[in-house]
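Visitor: Sharing a structure with you now.
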Amino acid sequence: QDIVWDETHFTKFLTWYFTGHYFVDIHPGLSKMIFALVLSFTSFEGAKEMEVEWWTHNGFVGTTDWELLYKDEYGANYYELRCTSAVVGILLVFVTYPTIKAMGCGRIAAFLGTWFILWDNLILLQSRLILTDVFLYFFNMASYCCSFICVRKSLSGPQEVFWTVMTGLMLGCAMSIKYTAIGTVGLVGLHQAFEILALMWNRKDKGFPAFFQVLKKAIWKASLIIVLILVVFFGLWIVHIQILPFDGQGTSFMNEEYQMTLIPKKYENGLPPPGSCPNHFNAWKDCGHAGITKQQCEDQGCCYDSTSPRNWCYPKEELPRAPMSMIRKIREVLRATWANNQGDVVMIHPHMSEWWEW
């Protein structure tokens with residue numbers, strides 16, 4: 001029942017899907033959305049608005065309501081979330097066997113490959129915790145499986161279309177877990193390209209009509225896979241944006257235009273008017289320095305809360321001033337996520353290293 005360090009990140013993110021606080025992670029959100037969906041079917045309700053504890057340190061802002069997941073009196077919902085990882089880990093084992101078989105290997109080779117996946121210590125560990133890696137492994141393996149199946153010569157036309165569609169969907173899901181799945185997309189692309197080249201080579205003696213037929217197949221399969229990847233990837237980002245409309249941890253990562261679209265957290269009696277003092281539990285920006293007095297805070301036109309342990313000084317309520325198109329929002333979200341992924345925003349982790357030092 002102890003909290004494992006990286007679980008704190010993902011449990012915070014998935015509980016913010018409940019509260020609507022906007023956040024920025026270094027990875028896309030599909031795995032966290034799956035966790036949040038599972039959590040929605042449990043007894044978890046999250047902390048009431050006035051019970052939410054907050055912290056701020058070196059520009060990082062967050063809430064601690066994710067800790068309720070590990071407390072018995074709130075249902076100990078960490079169990080359901082860890083079981084979700086376990087189920088995905090089991091599915092990874094089950095999809096490994098047909099993947100190796102689809103590659104043309106025999107039963108013994110497929111059995112041994114699946115056995116290695118089953119008893120891999122790292123996969124076993126990640127399948128027991130609230131982490132995203134096992135989701136990536138599963139969708140990667142499912143992508144390879146569908147890619148190898150969709151090039152079988154024994155498939156009928158509808159079957160080939162079905163498995164091509166599944167390839168695109170699985171790749172889109174993998175891309176929506178972590179950006180490292182770009183490599184999976186590249187490998188599947190190479191596999192499909194080699195299959196098309198082999199088909200052209202085998203039909204080289206049948207003239208231009210046969211070549212044109214193979215080329216047409218290559219175009220529609222590539223187009224279908226790419227379109228489906230984009231639809232899944234950008235569609236999930238739209239969902240992410242729509243269910244996180246409120247000011248939160250990720251606000252400071254965004255440009256000013258996007259920040260103006262985020263609204264304060266909803267209150268029981270509705271939103272306060274602009275220029276008023278909101279509930280300090282929902283104020284995500286500091287308006288003063290440590291130790292600031294009430295008079296100094298109010299002289300700056302800010303709100304002061306003496307009930308807070310830190311004598312919280314925070315800005316007055318400001319509602320969004322201008323809308324922003326979804327295309328521009330997605331572009332800004334991708335920029336902020338990628339910058340955060342590459343460490344362009346925060347470079348203060350004591351144990352961080354360059355990738356070539358791993």
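The values are calculated or read from the model by the stated rules, or taken from the named source; none is laboratory data. As the structure is a prediction and not an experimental result, all values here were calculated from the model. Every residue, glycine as well, gets a Cβ built from its backbone with ideal geometry; the counts of neighbours run over all protein chains shown. Areas reflect the complete protein model, heavy atoms only, side chains present, ligands, DNA and RNA absent. Shrake-Rupley method; radii C 1.70, N 1.55, O 1.52, S 1.80 Å.
Visitor: Do any residues in the range 99-127 that are of a type in the set (Asp, Glu) have Cβ atoms under 9 Å from those of residues that are outside any helix (DSSP H, G or I) and at pLDDT 95 or above, where the two are at least six apart or on different chains, and which pairs are they?
Guide: Sorted first by the residue in the range 99-127, then by its partner, the list stays empty.
Visitor: Inside the range 69-87, can you point out the residues that are more than 16 Å from residue 137 (Cα to Cα), open to solvent by less than 20 Å² (accessible area, probe 1.4 Å) and either at pLDDT 95 or above or not in a loop (DSSP other than H, G, I, E, B) (or both)?
Guide: Those that are more than 16 Å from residue 137 (Cα to Cα), open to solvent by less than 20 Å² (accessible area, probe 1.4 Å) and either at pLDDT 95 or above or not in a loop (DSSP other than H, G, I, E, B) (or both): 69, 70, 81.
Visitor: Between residues in the range 166-181 that are in contact (Cβ under 8 Å) with a residue 40 or more places away in the chain and residues that are polar (S, T, N, Q) and open to solvent by 30 Å² or more (accessible area, probe 1.4 Å), which pairs lie under 7 Å by C-beta distance while being six or more apart or on different chains?
Guide: Final answer for the pair search is 179/341.
Visitor: Right, another one. Does the range 153-174 hold any residues that are β-branched (Val, Ile, Thr) and in contact with a helix residue (DSSP H, G or I) (Cβ under 6 Å, 6 or more places away or on another chain), and which are they? Even if it seems obvious, please write down each step before you answer.
Guide: Residues of the range 153-174 that are β-branched (Val, Ile, Thr), as a first pass: 161, 164-165, 167.
Passing the criteria: 164, 167.
Okay, residues lined up against (1) out of contact with any helix residue (DSSP H, G or I) (no Cβ under 9 Å at 6 or more places or on another chain); (2) in a helix (DSSP H, G or I); (3) modelled with pLDDT under 95:
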position	(1), (2), (3)
39	no, yes, yes
56	yes, no, yes
61	no, no, yes
89	no, yes, no
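One line per residue, one yes/no per condition, for (1) of a type in the set (Ser, Thr, Tyr); (2) in contact with a helix residue (DSSP H, G or I) (Cβ under 9 Å, 6 or more places away or on another chain); (3) farther than 25 Å from residue 85 by Cα:
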site: 151; (1), (2), (3): no, yes, yes
site: 176; (1), (2), (3): yes, yes, no
site: 198; (1), (2), (3): no, no, yes
site: 225; (1), (2), (3): no, yes, yes
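Visitor: Pairs, please: C-beta under 8 Å, at least 6 apart or cross-chain, first residue at pLDDT below 95 and open to solvent by less than 30 Å² (accessible area, probe 1.4 Å) and in the range 226-245, second in a helix (DSSP H, G or I) and of a type outside the set (A, V, I, L, M, F, W, C)?
Guide: 241/329; 244/17
Visitor: Taking the range 288-326 as the search range and keeping residues that are under 19 Å from residue 254 (Cβ atoms) and modelled with pLDDT of 75 or more, which one is surrounded by the fewest Cβ atoms within 10 Å (Cβ to Cβ)?
Guide: 325
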